[in-house]
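Asks: This is the structure I have questions about; it appears just below.
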There are 2 protein chains.
Amino acid sequence: MPLHLTPAVAGKTEKRGICGKDLNKKGTPAGDLAIPEAAGLAPGCVFLLCVTCFQFLHYYDIFSVITFFRNGFRGVLHPALVAESWIVDYNAALATIGFMLFLGFVDDVLDVRWRVKLILPLFASLPLLVAYSGGTTVSIPRPLQSIAHLPSNLDLGWAYLLFMVLVTVFSTNSINILAGVNGLEAGQTFVIACSVLLHNILVVSGFFSATESVREGNLFSAYLMFPLAAVSFALLWYNWYPSRVFVGDTFTYFAGMTIAVAGILGHFSETLLIFLLPQVLNFIYSLPQLFKIVPCPRHRLPVFDPQTGLLRPKDQPDWNLVNLFLQLFGRCGENALCIRLLVFQTLCCGLAFVIRYFLQGVYKA
Amino acid sequence: MPLHLTPAVAGKTEKRGICGKDLNKKGTPAGDLAIPEAAGLAPGCVFLLCVTCFQFLHYYDIFSVITFFRNGFRGVLHPALVAESWIVDYNAALATIGFMLFLGFVDDVLDVRWRVKLILPLFASLPLLVAYSGGTTVSIPRPLQSIAHLPSNLDLGWAYLLFMVLVTVFSTNSINILAGVNGLEAGQTFVIACSVLLHNILVVSGFFSATESVREGNLFSAYLMFPLAAVSFALLWYNWYPSRVFVGDTFTYFAGMTIAVAGILGHFSETLLIFLLPQVLNFIYSLPQLFKIVPCPRHRLPVFDPQTGLLRPKDQPDWNLVNLFLQLFGRCGENALCIRLLVFQTLCCGLAFVIRYFLQGVYKA
């Protein structure tokens, strides 16, 4: 089953090449800044094109596709039987991610107000909600079944759609607010995308036990995560300290939405939330400032000390993970801070795998 | 069957209201211009939201929806049987139009080069092509059948997909290049959208004879054309001479793509080309300049004479319909010129109906 991905590997290098060109060319909308903003545009467009073309792969029997590539584009492609509900999901995902990319770019260009930003994903997730053809049934964790005398499966109906909206809104904004250090946005996206991809492959290959529909969902998610990992790696190349481009809301919104869509249509939103643990912590820790209980400046960045070249938290530190790391682990350079945060991200993803491995069978049927 | 549209009428006024607000708020990206550019953004977003929500209407039995609205949102909605291929088409259309709107806005902000512009619709139409589940069979006109001894139906296969791409590229660019006068872009879109909508209603209601699949396609097109007519009317309100907003490539690309998608998925691309007659003429007449046989300036606008307040063609007139009208019918004010062009557009659409009426049965089975 991981073979599904093999034909795409060939295109990976090329994809990076395209990214590189586009970044240099397109990344100059804000003429006042020395470093181009909104460079997320190029990877976003490349991602959409890749995902669109990946759809072709699913139309044909995968083994005939591989033979086709090995024989140098000669031979016959056998059409595979594709469930139309799969194509519906696919196109709804495409519409949603494209819409979010669009709104992110609009935000970068027009500087939408902070409160409005929070609900932008709501609009973008509409195509997904309307076209959602999957079940609205959740399986209740075993411990909860015995405590609350709930059935093993519960149909949530409209509440499930509400849950979907909340996941998209959270995921989209959470990546956007864990930011402010060179390379952090693209880096965390890369780590999360790789982890989710690995998780998908483990499920699809049968290492993690799963029902057929869950396996199908994870394959779907892998189709989204593979290009996401590729384009965020390419972007990281340019965004790593010292940044030659800034990713902008364009990228953070688009990446967050892609991850959310993968989690929802892949039916592993719970596991996804463990992958997103740093974002969850940052979000909860930021809540007092988001709701203006604690005063919130325009940019919640640490202070740069030109003499030592190190970053330190403000005298009244902002309530986010970036500043918390500086407080906990002491002052450090921007690059070191980014690496510390990415290591934490990787640890959380590793934790997710451990939890997922030990809980299977115990937690759910 | 026109009843399908009734519930939407209620939302129309509200839609205009939203447009108005968005236009004033969002239409200020290019700070240097006194008149906001790229105002097509607001109608575009409203359009996408409307179309997304229209999908709900198709999910339920139309009569139960009407009863539901009449009873003040009380009662039961009966789900209708929806073909999944319909939802696939719908979401592919949504993804394509959204993608084009996004590219149009990118173009407005980043000023993409002229040659690149021509192929932008190619990328945007990819989701449509990949998800296209309809037939690739065309019915051959009767006169041609007897002359060339062709069968009544011919499967074009890949050639049909190529034809789809050409229609999208043509339609998207043709509206963009018939421009330069206040109110013209929004005006022609409004006239075309209304005409196509009327055509759809006539086919769906059975006034024009058609097979069941063609009728279904026309209903689909009506779902797209109704909001397009509404939002372009709202935009026209602000774009009419003297313009308070400029529509930008955002609107022209998005409108052109919507019309193309409606024509393709509605299976009436031939009739559509008669509706687009002024655009076709303008495109053919512009070809020498597009291919640089005749020198082409950045903007192919007529010359404004401040003393008389009238427009006159340049000494070496540009090769487009706007200048041709000035040459043929004499100098006039900007508003009069726009009205003349829109009258011509309306006449062409009227002609399309006459042709369509008299040719049915004769031209095709």
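Asks: Can you find a residue that is in a helix (DSSP H, G or I) and more than 22 Å from residue A:243 (Cβ to Cβ) anywhere in region A:289-297?
Replies: yes
Asks: Another question, then. Pick from region B:294-327 the residues that are of a type in the set (Val, Ile, Thr) and more than 27 Å from the chain's Cα centre (by Cα): which of them is surrounded by the fewest Cβ atoms within 10 Å (Cβ to Cβ)?
Replies: Here the answer is B:308.
Asks: For region B:244-267, which positions are open to solvent by 10 Å² or more (accessible area, probe 1.4 Å) and not in a helix (DSSP H, G or I)?
Replies: B:244, B:246, B:267
Asks: If you go through region A:122-140 one residue at a time, how many are touching a Leu at 6+ places or on another chain (Cβ under 9 Å) and either open to solvent by 70 Å² or more (accessible area, probe 1.4 Å) or at pLDDT below 70 (or both)?
Replies: So the answer is 7.
Asks: Scan B:147, B:119 and give me the residue that is over 23 Å from residue B:44 (Cβ atoms), open to solvent by 10 Å² or more (accessible area, probe 1.4 Å) and at pLDDT 70 or above.
Replies: After ruling out the rest, the residue left standing is B:147.
Asks: Another question, then. Name the pairs: first residue in region B:291-320 and of a type in the set (S, T, N, Q), second residue assigned to a loop (DSSP other than H, G, I, E, B), Cβ to Cβ under 6 Å, at least 6 apart or on different chains?
Replies: Taking only residues 6 or more apart or on different chains, the pairs are B:320/B:300.
Asks: Something else about it: Looking at region A:205-219 only, could you name the residues that are over 22 Å from the mean Cα position of the chain (by Cα) and either open to solvent by less than 10 Å² (accessible area, probe 1.4 Å) or under 15 Å from residue A:360 (Cα atoms) (or both)?
Replies: Within region A:205-219, A:206, A:207, A:209, A:210, A:211 qualify.
Asks: Residue A:202 is checked against (1) open to solvent by less than 20 Å² (accessible area, probe 1.4 Å); (2) closer than 21 Å to residue A:354 by Cβ and fails just one. What number does that condition carry?
Replies: In the conditions (1) open to solvent by less than 20 Å² (accessible area, probe 1.4 Å); (2) closer than 21 Å to residue A:354 by Cβ, residue A:202 misses (1) alone.
Asks: Which of the residues spanning region A:328-340 are over 14 Å from residue A:282 (Cβ atoms) and out of contact with any helix residue (DSSP H, G or I) (no Cβ under 8 Å at 6 or more places or on another chain)?
Replies: A:330, A:331, A:333, A:334, A:335, A:336, A:339
Asks: Also: Can you tell me which residue is nearest to the other protein chains (Cβ to nearest Cβ) among those in region B:106-116 that are over 20 Å from the mean Cα position of the chain (by Cα), on the phi < 0 side of the Ramachandran plot and surrounded by fewer than 22 Cβ atoms within 10 Å (Cβ to Cβ)?
Replies: The extreme case among them is B:110.
Asks: Which residue is modelled with the lowest pLDDT, if the candidates are limited to region A:328-351 and must be in contact with a Lys or Arg (Cβ under 9 Å, 6 or more places away or on another chain) and open to solvent by 40 Å² or more (accessible area, probe 1.4 Å)?
Replies: Looking at the filtered set, the residue picked out is A:331.
The values are calculated or read from the model by the stated rules, or taken from the named source; none is laboratory data. Keep in mind that this is a model prediction, so the values were computed, not measured. Here Cβ is always computed from backbone atoms with ideal geometry, including for glycine, and neighbour counts include all displayed protein chains. Keep in mind that these areas ignore ligands, DNA and RNA; they rest on the heavy atoms of the full protein, side chains included. Shrake-Rupley method; radii C 1.70, N 1.55, O 1.52, S 1.80 Å.
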